[in-house]
1. Fewest Cβ neighbours within 10 Å first, please rank B:LEU15, A:LEU43, B:LEU163 accordingly.
2. Between B:LEU76 and residues 5 or more places away or on another chain, which pairs have amide H atoms under 5 Å apart, with H built 1.01 Å from N, and which residues are they?
3. In peptide A:148-157, what is the residue-averaged number of other protein chain Cβ atoms found within 10 Å of each Cβ?
4. Expressed as a whole number of Å, what is the distance separating the alpha-carbon centroids of segment B:207-278 and segment B:35-84?
5. What per residue convex hull volume, in Å³, do the alpha-carbon atoms of segment B:179-282 yield?
6. When only Cα pairs under 8 Å and 6 or more residues apart are kept, what is the percent relative contact order across segment A:79-201?
7. Can you sort A:TYR155, A:TYR74, B:TYR239, B:TYR193 by how many other beta carbons sit within 10 Å, fewest first?
8. Within segment B:74-154, report the GluC sites (Glu not before Pro) that DSSP leaves as loop and that have at most 14 other Cβ atoms within 10 Å.
Amino acid sequence: MTDSTVVISRAEYCVIACAEAWRGDGEVLASPMGLIPSLGARLARRTFAPDLLLTDGEATLVGADGAAEGWLPYRRHLTMVTGGRRHVMMGASQIDRFGNQNISCIGDWAAPTRQLLGVRGAPVNTLNNPVSYWIPRHSPRVFVPEVDMVCGVGYDRAAAAGARYHRIPRVVSDLGVLDFATPGRTMRLASLHPGVTVERVRAATGFELTVEDKVPYTRDPTTEELHLIREVLDPEGRRDGEVRR
Amino acid sequence: MTDKTMTPEEVVARLHSGMTLGIGGWGSRRKPMALVRALLRAPVTDLTVISYGGPDVGLLAAAGRIRRLVAPFATLDSIPLEPHFRAAREAGAFTLTEIDEAMFMWGLHAAANRLPFLPVRAGLGSDVMRVNPGLRTVTSPYEDGETFVAVPALHMDAALVHLNRADRLGNAQYLGPDPYFDDLFCEAADSAYVSCERLVEPGGFADAVPQTLLVGRHSVTGVVEAPNGAHFTSCVPDYGRDEPFQKLYATTPWDEFATRFLAGPDEKSYQSAVQAWHEEVR
């Protein structure tokens, strides 16, 4: 536990919540997309998940100190995906209650009002290796009743497609952690970041969320974790640019 | 042995409107930009472009040269969204065949191996199936009985790629960390054109680490020496991405950008215009 006088920022809770996605994964590639997931993956690698594989963001696998230990160009990266030895944390422009995710476009695909990235590897990721999501701004514009273009496959569609390797461990937002631990595999509020209320999450979610009677808070970072985040992994405080204090 | 060296103009003279063109590299990395710029100076249009899209797609889309785009994304990497691709797509300027990154890779493998398709565990359950109603599935003939997407071969009339070094015969070497899929692009196309940072003379690959010799001459039609030819995308270790220039590209109205940088008669005039801009803003 941390000293009770230390003030922990929301961004730091987000880093912890992202790091926890990789707990117990063993010797798999952690693929974080975005700053906070990246800090989370590196924190997990340095603490409770020492077997994780990390890349330098290009084609080199690196150890905790950044030294090269392997080669992972795109074509081999795609083999890690389909071989299942990878857990990615992607972003989502839209996500629905079953975890269907969209990064392609907003509006009708045939004539989009806003073209975004494209499906990228979301279809192959979600059918082959665990996929978690990071949403830096929890809002009804992101958490929607229905996404405009299903890129990442959610639980309902995965079941219909007979997808045998589909799993969405968690969705981390700036407000809390969500998962799909419900009988219908719909989104549930798993924890609140301290300072956030259930009402606030509900108001920021565009569909009905499963909320149990007592929602726990996202755990505090340990003294060592806080030191790693603040002094080693992100001494410039870039995390506060992604999740404001 | 055949000397396959050509100028960018000789390459585009062999390309024609309506053809299917593959472009190597990935996002804003090692794109054959000198060849794309030569294409922009030629009257070639109505193209089907197959690419892990970057500014190659943005430039050709903005210039109205694309009829159909086959891609899993278009990005400038450090600038996540490709503005000219977005604008063209939102204006309905071309038809999009949007497939997943892995589907795309297996489509290249299928074409390179003269197979009509390859099975992929990707696409099912996603709207890739909805927006590509022509996609078919196959069922495993073995006990598992699993259903897969049968990704059709991404066969091309011509492919354009850019590597660090090449010889006059068409053997080409990459020196950066990632081969991307450039060898597959060459093998998946009826003809392939390799631009390179520097031509090596006969025997120049004697000391090369063999696995860096990515592209084989049997799959190459023409070789172009184009120093800085991937500009403004990266071509490490020769150079990184020209971030200030890429930002300029992404924030300047298309006509203004094209007039200043692309209206000259050749690649040299582009490189001079870029140099002048850098001196101006220094």
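Please treat every number below as a calculation from the coordinates, not as lab data. Predicted model, so just to flag it, every value in this text is computed and none were measured. Glycine gets a Cβ as well: all are built from the backbone with ideal geometry, and neighbour counts include every protein chain shown.
1. Values: B:LEU15 19, A:LEU43 25, B:LEU163 31.
Fewest-to-most Cβ neighbours within 10 Å comes out as B:LEU15, A:LEU43, B:LEU163.
2. B:LEU81, B:GLU82
3. Working: counts 1, 6, 7, 6, 2, 7, 2, 1, 1, 4.
Counting Cβ atoms of other protein chains within 10 Å of each residue's Cβ and averaging gives 4.
4. Computed from Cα coordinates, the inter-centre distance equals 14 Å.
5. Values: hull volume 15.5 nm³, N = 104.
Taking the convex hull of the Cα positions in segment B:179-282, it is 149 Å³ per residue.
6. Details: 258 pairs, mean separation 33.4, N = 123.
The normalised contact order for segment A:79-201 reaches 27 percent.
7. Starting with the residue having the fewest Cβ neighbours, the order is B:TYR239, A:TYR74, A:TYR155, B:TYR193.
8. Working: sites: B:GLU90, B:GLU98, B:GLU101, B:GLU143, B:GLU146; in loops: B:GLU143, B:GLU146.
The qualifying sites are B:GLU143.
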